[in-house]
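Take a look at the structure set out below.
The values are calculated or read from the model by the stated rules, or taken from the named source; none is laboratory data. The model shown is predicted, which means the values in this text are computed figures rather than measured ones. In this analysis, Cβ positions are derived from the backbone assuming ideal geometry, glycine residues included, and neighbour counts consider all displayed protein chains. Keep in mind that these areas ignore ligands, DNA and RNA; they rest on the heavy atoms of the full protein, side chains included. Shrake-Rupley method; radii C 1.70, N 1.55, O 1.52, S 1.80 Å.
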Amino acid sequence: GAGVSQSPSNKVTEKGKDVELRCDPISGHTALYWYRQSLGQGLEFLIYFQGNSAPDKSGLPSDRFSAERTGGSVSTLTIQRTQQEDSAVYLCASSLEVTGGYEQYFGPGTRLTVT
Amino acid sequence: AQSVAQPEDQVNVAEGNPLTVKCTYSVSGNPYLFWYVQYPNRGLQFLLKYITGDNLVKGSYGFEAEFNKSQTSFHLKKPSALVSDSALYFCAVRDAPSGGSYIPTFGRGTSLIVHP
């Protein structure tokens with residue numbers, strides 16, 4: 001079946017502009033995660049959605065970052081007033097969260113470059 | 001708080017030799033453990049997991065990992081390395097659903113380089 005998809009695959013923006021990154025999780029997966037990965041580095045957790053529960057926003061680096069998940073499916077990560085340090089690959093993942101299904105499936109990522 | 005340590009930034013191995021990528025963890029409850037692989041300019045792919053049951057788990061591409069509760073380790077292994085195994089490998093841990101954080105913690109990653 002279809003995997004996790006993300007769009008756009010690449011985004012170049014000027015410092016100070018707002019950007020929106022989109023994630024389409026695997027159908028039926030109740031959990032959705034956003035991570036950030038800088039060049040050659042590990043994964044930095046940003047935000048977690050699980051079903052209808054309030055999202056866990058503990059990883060968001062500043063109030064310029066926000067995310068929403070509509071209808072328990074598609075998610076959008078918004079970065080306002082982008083800064084050069086926001087340049088990274090933003091990864092989305094989803095998981096089933098039932099017995100036998102706790103592994104995460106990752107999208108290909110959105111490479112964000114702030115100039 | 002949960003944590004994962006991958007003590008080696010890079011592992012070098014000759015093609016055809018066995019490989020091991022190390023991972024140790026800390027969680028408050030029962031661990032769910034995962035290995036993921038990231039090929040250049042790609043997202044992460046799930047390799048294998050330990051949830052419960054046999055301590056030796058087998059996954060994709062001939063990889064396996066052994067859960068050792070006393071040593072809190074979950075090392076990734078493969079009997080015979082291929083050049084195409086060269087990639088970045090991440091270990092991750094989370095608590096079982098009845099435990100603490102449902103958010104997996106990832107290690108910093110280990111770069112595996114397999115030489116022809």
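Taking the range B:10-50 and a reference point 7 angstrom along Cα→Cβ of B:His115, the backbone N atoms nearer than 11 Å belong to B:12-15. Size descriptor for the protein assembly as shown, Kirkwood hydrodynamic radius: 18.3 Å (Cα pairs only, one decimal). Counting pairwise Cα distances across the range B:52-116, what percent come out greater than 21 angstrom? When all Cα pairs of the range B:52-116 are counted, 33 percent exceed 21 Å. Here the relative contact order of chain A, from alpha carbon pairs under 8 Å that lie six or more residues apart, stands at 38 percent.
When the inverse distances between all different Cα atoms of the range B:3-115 are averaged and flipped, the Kirkwood radius reads 14.1 angstrom.
Only Cα pairs under 8 Å and 6+ residues apart enter the sum, and on that basis the relative contact order of chain B stands at 38 percent. Starting from the Kirkwood radius over alpha-carbon pairs of the range B:1-55, derive D by Stokes-Einstein at 20 °C in a medium of 1.002 mPa s and give it in µm² s⁻¹. Once the numbers are plugged in, D ends up at 157 µm²/s. Computed from the C-alpha gyration tensor, the three semi-axes of the ellipsoid equivalent to chain A are 24, 14, 13 Å, from longest to shortest. Residues of the range A:18-40 with amide nitrogen under 14 Å from the 7 Å Cα-to-Cβ point of A:Arg64? The answer is A:18-20, whose backbone nitrogens lie closer than 14 Å to the label point.
Placing pseudo-labels 7 Å out from each Cα toward the beta carbon at B:Thr72 and B:Ala1 gives an inter-label distance of 1.3 nm. Expressed as a whole percent, the accessible area of the range B:3-115 that falls on carbon and sulfur atoms is 48 (1.4 Å probe). With a simple spin-label model that places each label point 7 Å from the Cα along the Cα-to-Cβ direction, the separation between A:Asp18 and A:Val74 comes to 1.7 nm. Pairs exceeding a 25 Å alpha-carbon distance, out of A:Lys57/B:Lys77; A:Lys57/B:Lys69; B:Lys49/B:Lys78; A:Lys11/B:Lys22; A:Lys57/B:Lys58; A:Lys11/B:Lys49: A:Lys57/B:Lys77; A:Lys57/B:Lys69; A:Lys11/B:Lys22; A:Lys57/B:Lys58; A:Lys11/B:Lys49.
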